[in-house]
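Asker: Below is one structure. I have some questions about it.
The values are calculated or read from the model by the stated rules, or taken from the named source; none is laboratory data. Given the structure is predicted, the values throughout are model-derived calculations rather than measurements. Cβ placement follows ideal geometry from the backbone for every residue including glycine, while neighbour counts extend to all protein chains displayed.
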Amino acid sequence: MSAQTIHKSQKVSKADVVFNIILYGICGLILLLIAYPLYFIIIASFSNPSEVSNGNVWFWPSQFTLDGYKELLRHGSIWMGYWNTILYTVVGTAIGLIVNISAAYSLSRRDLVGRKLITFYFIFTMFFNGGLIPTYFTIRDFHLYDTFWVMVLPFSVMVYNMIVARTFFDSSLPKDLLDAAQIDGCGNLRFFFSIALPLSKAVIAVIALYIAVAQWNSYFNALVYIRSENLKPLQLVVRNILITNQSLVGAGDGMAAQEAMRLANLMKYAVIIVTTVPIMCMYPFVQKYFSQGVMIGAIKG
Amino acid sequence: MRVMAENPMGRQRSGWRYKLYRAGRGIQRNWGLYLLLLPAVVLLFCFNYLPMYGVQIAFRDFSPSQGIQGSPWVGPANFQKFFNSFQSKNLIWNTVSLSLYSLIAGFPFPIILALMVNQIRVKRFKQVLQVVTYLPHFISTVVMVGIMLILLSPSNGIYGNLARVLGVQNPVNIMGEASAFQHVYVWSDVWQHAGWDSIIYIAALAAVDPSLYEAATVDGASKIQRLWHIDVPFLIPTAVILLIMRAGNVMNLGFEKVYLMQNPLNTSISEVISTYVYKIGMISNQYSLSAAVNLFNTVINFVLLLLVNGFSKKLGDTSLW
């Protein structure tokens, strides 16, 4: 009997060993597929561009150079875009948090009269909207076209984030807490600011990350609503460099053009790194809050 | 009590009156909550509900100088113009096919990734795998398309390098090839977002009761059997909700990536409704036509969402609302 048990467990563990080999093999492959392109961009940004196009850059920089970054420093429009994007991200995240978190808290309260109706008012906009042209003319009517505020105010309500936060408040704030506070004469606003908010750092951090990433990467709103050069966010500037190759315009011909082309190619790698690294750096600070509670909130809603 | 018995109508009236009174008291008592709601309600009213009023320009011959009310009513003329144009069929087909392709290809990968991550016991490796798969999510669409242009360039980048090593003489320019457009679009999306989208499934798997695994192990279930019979069924409700949400958005294809990937060589495949709406509206200023195409798209999308949601309600009891 005991021999049979041992035999059985051996057979099971053999299947598990095969399983593990396949599992770690596939995961290693996935790791490589995602990490290598990112790594390649980093090393290419420090390499001589002709080495890159000759296919000599594989695992480390070839003929190390900082020319791409130096060229970038000379590109004034990038730094203007950078500054604008930082402003849009900071102000936009602040506004987004105020608007969405406070509404989410109210919606999480079961004793809110008209809760269903108000929830519908919000959710409906996720599935139906006026569309591009009517929204464009509304923005013009409010005199927000081509202003700083169009990037941070009109589209700051993000219903999906609101629902995530609502579910978090609903499931993680103990009901007795509110009862006790109300008996002590604590009003709704005071309860929200001095009890509910401090207890909800996790959801606030996660939603701040969502909004900040969306702001930093936003492109469409600027494309439609921003005309002035001095209001353009980073992504619009980067698009001109990476996709429409605008840095090559007016480069002349012959040797000068070839040199300009060489530098433009090199600068592309540098641009990718300079625009992406700052926002990626936010993730580790928020990572610890990505606990189950917050994420599950998204689907229960 | 006696009054109520004599006059049942009066009792009913006092019933709704009482309800109204209670509601009034509730609003009065919780005025702070309404104050907290106010900014979001006002912003949505101004920038989501007011434009819905403007949707009527789809039925008018709108010019900004005359305003919405001043522009002549033309009924369905704009819709007829769109459906009679040679592009309309192509546009709808491009939109639906690209959307369905992304939906079908993009849906299983986060689930598979989550199931695998959940099986890994080496903590360090698990962390590295998770962080690396999340990272591409933070890349903006603009930069992502830029990366694709660089890395898939036949003369530069990884693709060019590999082609040379393999001895391919004239590698095709993938980004300029119309037939490759949809594949590049969909698989680069999987590359970028599968990791991030798996977070929600990983979180769901963390809630599986460990005693289920113990019981299964005692019964001699192998790892793969435990995964198949415990983890997979556990993820199904989450997967269904996310599938409904995505299926309900089939016509709502993101504008940015398609627009950025467009070039003169691939427009026959890459022109979708959202890019068309942008071009005829914002670039050639045919406001009413653009609004009509947009409205058509929104309505189809809305109907699809209701259908998919109703269908899943009937099948099981998973529903969005």
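Asker: Collect the residues in the stretch A:28-87 that are surrounded by 18 or more Cβ atoms within 10 Å (Cβ to Cβ), more than 12 Å from chain B (Cβ to nearest Cβ) and closer than 30 Å to residue A:152 by Cβ, keeping them in residue-number order.
Answerer: A:72, A:77, A:78, A:84
Asker: For the condition more than 9 Å from chain A (Cβ to nearest Cβ) and not aliphatic (A, V, I, L, M), what is the one hit in B:80, B:119?
Answerer: B:80
Asker: Give the residues of the stretch B:36-64 that are more than 7 Å from every other protein chain (Cβ to nearest Cβ), farther than 21 Å from residue A:128 by Cβ and modelled with pLDDT of 90 or more, sorted by residue number.
Answerer: B:38, B:61
Asker: Can I ask one more? Of everything in the stretch B:240-256 that's more than 10 Å from chain A (Cβ to nearest Cβ) and buried (at least 18 other Cβ atoms within 10 Å of the Cβ), which residue is nearest to residue B:293 (Cα to Cα)?
Answerer: Looking at residues that are more than 10 Å from chain A (Cβ to nearest Cβ) and buried (at least 18 other Cβ atoms within 10 Å of the Cβ), I get B:251.
Asker: A further question follows. Among (1) crowded, with 16+ Cβ neighbours inside 10 Å; (2) more than 16 Å from residue A:106 (Cα to Cα); (3) more than 15 Å from the chain's Cα centre (by Cα), which single condition is residue A:205 missing?
Answerer: (3)
Asker: Hey, can you tell me all the residues within the stretch A:111-131 that are more than 25 Å from the chain's Cα centre (by Cα) and part of a loop (DSSP other than H, G, I, E, B)? Can you show your working first?
Answerer: Within the stretch A:111-131, the first condition is being more than 25 Å from the chain's Cα centre (by Cα), and the residues that meet it are A:111-121, A:130.
Residues satisfying the conditions are A:111, A:112, A:113, A:114, A:130.
Asker: Among the listed residues A:159, A:113, A:164, A:152, which satisfies the condition of being under 30 Å from residue B:59 (Cα atoms) and of a type in the set (Val, Ile, Thr)?
Answerer: Values: A:113 fails: under 30 Å from residue B:59 (Cα atoms); A:164 fails: under 30 Å from residue B:59 (Cα atoms); A:152 fails: under 30 Å from residue B:59 (Cα atoms).
One residue alone meets the criteria, A:159.
Asker: Restricting to the stretch B:186-207, what's the tally of residues that are assigned to a loop (DSSP other than H, G, I, E, B) and modelled with pLDDT of 85 or more?
Answerer: Number satisfying all stated conditions: 0.
Asker: Of the conditions (1) at pLDDT 80 or above; (2) within 15 Å of the chain's Cα centre (by Cα); (3) in a loop (DSSP other than H, G, I, E, B), residue A:227 clears all except one; give me its number.
Answerer: Going through (1) at pLDDT 80 or above; (2) within 15 Å of the chain's Cα centre (by Cα); (3) in a loop (DSSP other than H, G, I, E, B) one by one, residue A:227 breaks only (2).
Asker: In addition: Kindly indicate whether residue B:260 is in a helix (DSSP H, G or I), within 22 Å of the chain's Cα centre (by Cα), surrounded by 19 or more Cβ atoms within 10 Å (Cβ to Cβ) and in the same structural domain as residue B:148 (by TED's automatic domain parsing).
Answerer: On the way: in a helix (DSSP H, G or I): yes; within 22 Å of the chain's Cα centre (by Cα): yes; surrounded by 19 or more Cβ atoms within 10 Å (Cβ to Cβ): yes; in the same structural domain as residue B:148 (by TED's automatic domain parsing): yes.
Yes: the conditions hold for residue B:260.
Asker: If you check residue B:67 against the conditions, is it out of contact with any helix residue (DSSP H, G or I) (no Cβ under 6 Å at 6 or more places or on another chain) and within 11 Å of chain A (Cβ to nearest Cβ)? First the steps, then the outcome.
Answerer: Values: out of contact with any helix residue (DSSP H, G or I) (no Cβ under 6 Å at 6 or more places or on another chain): yes; within 11 Å of chain A (Cβ to nearest Cβ): yes.
Taking the combined requirement at face value, the residue satisfies it.
Asker: Looking only at the stretch A:202-235, filter to residues that are in contact with a Pro (Cβ under 8 Å, 6 or more places away or on another chain) and of a type in the set (A, V, I, L, M); which one of those is nearest to residue A:100 (Cα to Cα)?
Answerer: A:222
Asker: Among the numbered conditions (1) facing another protein chain (nearest Cβ under 7 Å); (2) farther than 25 Å from residue A:45 by Cα; (3) under 17 Å from the mean Cα position of the chain (by Cα), tell me where residue B:110 comes up short.
Answerer: For residue B:110, the failing item is (1).
Asker: Among B:47, B:62, B:79, which is the only one that is in a loop (DSSP other than H, G, I, E, B) and crowded, with 16+ Cβ neighbours inside 10 Å?
Answerer: Values: B:47 fails: in a loop (DSSP other than H, G, I, E, B); B:79 fails: in a loop (DSSP other than H, G, I, E, B).
Answer to the selection: B:62.
Asker: Given the structure, is residue B:288 assigned to a helix (DSSP H, G or I), touching an Asp or Glu at 6+ places or on another chain (Cβ under 7 Å) and buried (at least 17 other Cβ atoms within 10 Å of the Cβ)?
Answerer: yes
Asker: If you don't mind, another one. Quick one: in the stretch A:88-108, which of the residues that are without any contact (Cβ under 8 Å) to a residue 40 or more places away in the chain and within 9 Å of chain B (Cβ to nearest Cβ) is nearest to residue A:150 (Cα to Cα)? I'd like the intermediate steps shown before the answer.
Answerer: From the stretch A:88-108, those without any contact (Cβ under 8 Å) to a residue 40 or more places away in the chain are A:90, A:94, A:98, A:106; that's our starting set.
Then keep just the ones that are within 9 Å of chain B (Cβ to nearest Cβ); that gives A:98, A:106.
Values: A:98: 17, A:106: 26 Å.
This residue is A:98.
Asker: Check A:123, A:118, A:139, A:133 and return the single one that is at the interface with chain B (Cβ under 7 Å from one of its Cβ atoms) and under 30 Å from residue A:222 (Cβ atoms). Outline the logic, then answer.
Answerer: Working: A:123 fails: at the interface with chain B (Cβ under 7 Å from one of its Cβ atoms); A:118 fails: under 30 Å from residue A:222 (Cβ atoms); A:139 fails: at the interface with chain B (Cβ under 7 Å from one of its Cβ atoms).
Answer to the selection: A:133.
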